[in-house]
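S.K.: Below are the structure tokens for one structure; questions will follow.
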Amino acid sequence: MNNIDKNIYTAIDANLNRAVEGIRVCEDVLRFIIHDERSLNFKKLRHKLVDALKDLNASILLNARNVEEDKQKFIDLSSEKTRDSLESVFKSNISRAQESVRCLEEFSKLVCPENSNISTELQNIRFELYSLEKEIFPMVSLYRKENSQ
């Protein structure tokens, strides 16, 4: 594997982790705070995401992981250092997941050009995230309003 390929796999690994983590936070907002069974939609989506990339060898992704040399891993904007509401937790994490899935969609075209099903499945997952955001965000806002009195 040349450095270009390795770096692409590094980006895929980072974005897969980021997307799964963002989806998990959204799932936990619904599961543990709002106590809504629609948390299962996020759980299913997490598994669907991992399954979409199952053809990528896990050891290739792990070997491409390069946390030690990532000079930007601890550079957070001030807006990333605090959350002022449940809405901001949900919004920042669903956005993180959407952006990461878009990156996965693009990079998958480079490493699996013969398998357009992967990028198509990732596109479907991204649009499911958009739909879930539209459906769930008002519920998160309503929960906070009802519980802040």
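S.K.: Please tell me if Glu99 is assigned to a helix (DSSP H, G or I), in contact with a Ser or Thr (Cβ under 9 Å, 6 or more places away or on another chain), at pLDDT 95 or above and of a type outside the set (Val, Ile, Thr).
M.R.: Details: assigned to a helix (DSSP H, G or I): yes; in contact with a Ser or Thr (Cβ under 9 Å, 6 or more places away or on another chain): no; at pLDDT 95 or above: yes; of a type outside the set (Val, Ile, Thr): yes.
The answer is no for Glu99.
S.K.: State whether one or more residues within region 106-127 are of a type in the set (Gly, Ala, Ser) and touching a Ser or Thr at 6+ places or on another chain (Cβ under 7 Å). If you could, list the steps in order and put the result at the bottom.
M.R.: Applying the first criterion (of a type in the set (Gly, Ala, Ser)) to region 106-127 yields 108, 116, 119.
Among the residues that remain, those that are also touching a Ser or Thr at 6+ places or on another chain (Cβ under 7 Å) are: 108, 119.
Yes, region 106-127 contains a residue that is of a type in the set (Gly, Ala, Ser) and touching a Ser or Thr at 6+ places or on another chain (Cβ under 7 Å).
S.K.: Cβ-Cβ distance below 6 Å, separation of 6 or more or different chains: which pairs start in region 125-149 with a residue that is within 16 Å of Val25 (Cβ to Cβ) and end on one that is acidic (Asp, Glu) and part of a helix (DSSP H, G or I)?
M.R.: Val140/Glu87
S.K.: Can you find, within region 96-119, the residue that is surrounded by the fewest Cβ atoms within 10 Å (Cβ to Cβ) among those that are among the polar types (S, T, N, Q), farther than 13 Å from Ile8 by Cβ and touching a residue at least 24 places away in the same chain (Cβ under 8 Å)? If you could, list the steps in order and put the result at the bottom.
M.R.: Initially, region 96-119 is screened for residues among the polar types (S, T, N, Q), giving 98, 100, 108, 115-117, 119.
Restricting the remaining residues to those that are farther than 13 Å from Ile8 by Cβ gives 98, 100, 115-117, 119.
In the following step, the residues that additionally are touching a residue at least 24 places away in the same chain (Cβ under 8 Å) were identified as 98, 100, 115.
Details: Gln98: 20, Ser100: 24, Asn115: 13.
Across region 96-119, the extreme among qualifying residues is Asn115.
Conditions tested, residue by residue: (1) under 13 Å from Asn93 (Cβ atoms); (2) exposed (fewer than 14 other Cβ atoms within 10 Å of the Cβ); (3) out of contact with any strand residue (DSSP E or B) (no Cβ under 7 Å at 6 or more places or on another chain).
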position	(1), (2), (3)
Leu16	no, no, yes
Val29	yes, no, yes
Phe32	no, yes, yes
Asn41	no, no, yes
Leu49	no, no, yes
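S.K.: To continue, here is another question. Would you call Glu87 part of a helix (DSSP H, G or I) and either modelled with pLDDT under 95 or surrounded by 12 or more Cβ atoms within 10 Å (Cβ to Cβ) (or both)? It would help to see each step written out before you state the result.
M.R.: Numbers: part of a helix (DSSP H, G or I): yes; either modelled with pLDDT under 95 or surrounded by 12 or more Cβ atoms within 10 Å (Cβ to Cβ) (or both): yes.
The answer is yes for Glu87.
The values are calculated or read from the model by the stated rules, or taken from the named source; none is laboratory data. These numbers were taken from a predicted model, which means no experiment stands behind them. Glycine gets a Cβ as well: all are built from the backbone with ideal geometry, and neighbour counts include every protein chain shown.
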